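Colleague: Sharing a structure here in structure tokens format.
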Amino acid sequence: MSSNRGGMDGTIIINEEQSKEICDDLNKMHINVLTALVTGKQSTNVTPTQINAKKLSANTLTISFVECEGTMCALNSVNISFNPPIKSAADAFHRIIQEGKTAMEPHFSWLVTEPLPLIIMIIIVALGYATLVLKEAGLQTIVEASPLPIQKTISVLFGSFFFVVVRASFYFSIFAHAAEAVYVTTMLRVKADLGYLACVKWFLLICCVGYPVTSKAIKFIGQKGNKLD
């Protein structure tokens with residue numbers, strides 16, 4: 001694959017044929033990469049579909065995608081900038097895939113900046129505190145000191161098994177999230193060829209809150225055979 005050098009600054013000019021060839025290969029073999037790049041640029045949490053690399057230059061990769069909310073769908077596009085510019089057409093795949101891997105990196109800040117993960121984490125911490133620290137006697141003391149409507153509600157819903165329910169809920173959440181984390185990180189490693197450190201981060205985050213983080217990861221493993229080679 002050849003490329004043309006243009007300009008006194010040494011910028012590589014990728015012609016239309018080279019651009020089409022690279023974009024076709026990305027669309028066939030590396031949808032996970034394109035999904036990660038699009039997701040990182042989206043202003044909404046809507047899962048993108050019909051993702052296609054459209055045009056590549058030394059400085060920019062243009063990707064089109066469809067966003068649907070309810071029955072309304074819109075065709076959008078994003079531009080992925082390269083700084084420094086791509087050195088050659090042969091260098092394009094390496095650069096694009098590295099950009100995709102970077103976009104797949106999870107962020108621990110999600111635990112405090114996004115409402116649902118924060119709420120789930122607070123609930124699990126509260127269940128763990130009641131189970132491991134307060135235990136049955138301490139929890140019963142808190143219930144007895146609570147307002148009467150709360151006591152009645154707990155009595156009607158759980159009877160004398162309130163602590164049993166709390167303890168079971170805590171351990172179930174731990175084991176369920178751990179199993180979920182093992183499956184998702186295994187798929188990220190196998191299907192997306194994500195690095196071990198990034199997989200460990202995904203594992204820890206999913207163990208903390210489960211589905212809110214899993215829903216972000218499954219965007220990158222939903223395409224069969226699209227491994228980041």
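The values are calculated or read from the model by the stated rules, or taken from the named source; none is laboratory data. Keep in mind that this is a model prediction, so the values were computed, not measured. Don't worry about glycine lacking a Cβ; one is built from the backbone with ideal geometry, like all the others, and counts go over all protein chains shown. Calculation scope for accessible area: heavy atoms of the full protein, side chains included, ligands and nucleic acids excluded. Shrake-Rupley method; radii C 1.70, N 1.55, O 1.52, S 1.80 Å.
Colleague: Could you please tell me which pairs satisfy a Cβ distance under 8 Å, a separation of 6+ or placement on different chains, a first residue in region 121-142 that is touching a residue at least 40 places away in the same chain (Cβ under 8 Å), and a second residue that is of a type in the set (Ser, Thr, Tyr) and open to solvent by less than 90 Å² (accessible area, probe 1.4 Å)?
Modeller: As it stands, the answer is 124/173; 127/169; 127/173, since those pairs meet every condition given.
Colleague: Hand me the list of helices (runs of 4 or more DSSP H) wholly inside region 23-128 holding 3 or more residues that are surrounded by 13 or more Cβ atoms within 10 Å (Cβ to Cβ), within 22 Å of the chain's Cα centre (by Cα) and aliphatic (A, V, I, L, M). Walk me through it before giving the result.
Modeller: Numbers: elements: 31-41, 89-103, 110-113, 115-128.
Where helices (runs of 4 or more DSSP H) fall fully within region 23-128 and carry at least 3 residues being surrounded by 13 or more Cβ atoms within 10 Å (Cβ to Cβ), within 22 Å of the chain's Cα centre (by Cα) and aliphatic (A, V, I, L, M), they are 31-41, 89-103, 115-128.
Colleague: Looking for whichever is in contact with a Lys or Arg (Cβ under 8 Å, 6 or more places away or on another chain) and among the hydroxyl-bearing types (Ser, Thr, Tyr) here; the options are 131, 113. Which one fits? Spell out the reasoning first.
Modeller: Details: 113 fails: in contact with a Lys or Arg (Cβ under 8 Å, 6 or more places away or on another chain).
Criteria check complete, one pass: 131.
Colleague: Give region 1-19 a look and list any residue that's at pLDDT 85 or above and surrounded by 15 or more Cβ atoms within 10 Å (Cβ to Cβ), or say none.
Modeller: Let us first name the residues in region 1-19 that are at pLDDT 85 or above, namely 15-19.
Within region 1-19, 18, 19 meet the criteria.
Colleague: Please pick out the residue among 204, 148, 228, 197 that is farther than 30 Å from residue 99 by Cβ, out of contact with any strand residue (DSSP E or B) (no Cβ under 8 Å at 6 or more places or on another chain) and either modelled with pLDDT of 95 or more or hydrophobic (A, V, I, L, M, F, W, C) (or both). First the steps, then the outcome.
Modeller: Details: 204 fails: farther than 30 Å from residue 99 by Cβ; 228 fails: farther than 30 Å from residue 99 by Cβ; 197 fails: farther than 30 Å from residue 99 by Cβ.
Of 204, 148, 228, 197, the one residue that is farther than 30 Å from residue 99 by Cβ, out of contact with any strand residue (DSSP E or B) (no Cβ under 8 Å at 6 or more places or on another chain) and either modelled with pLDDT of 95 or more or hydrophobic (A, V, I, L, M, F, W, C) (or both) is 148.
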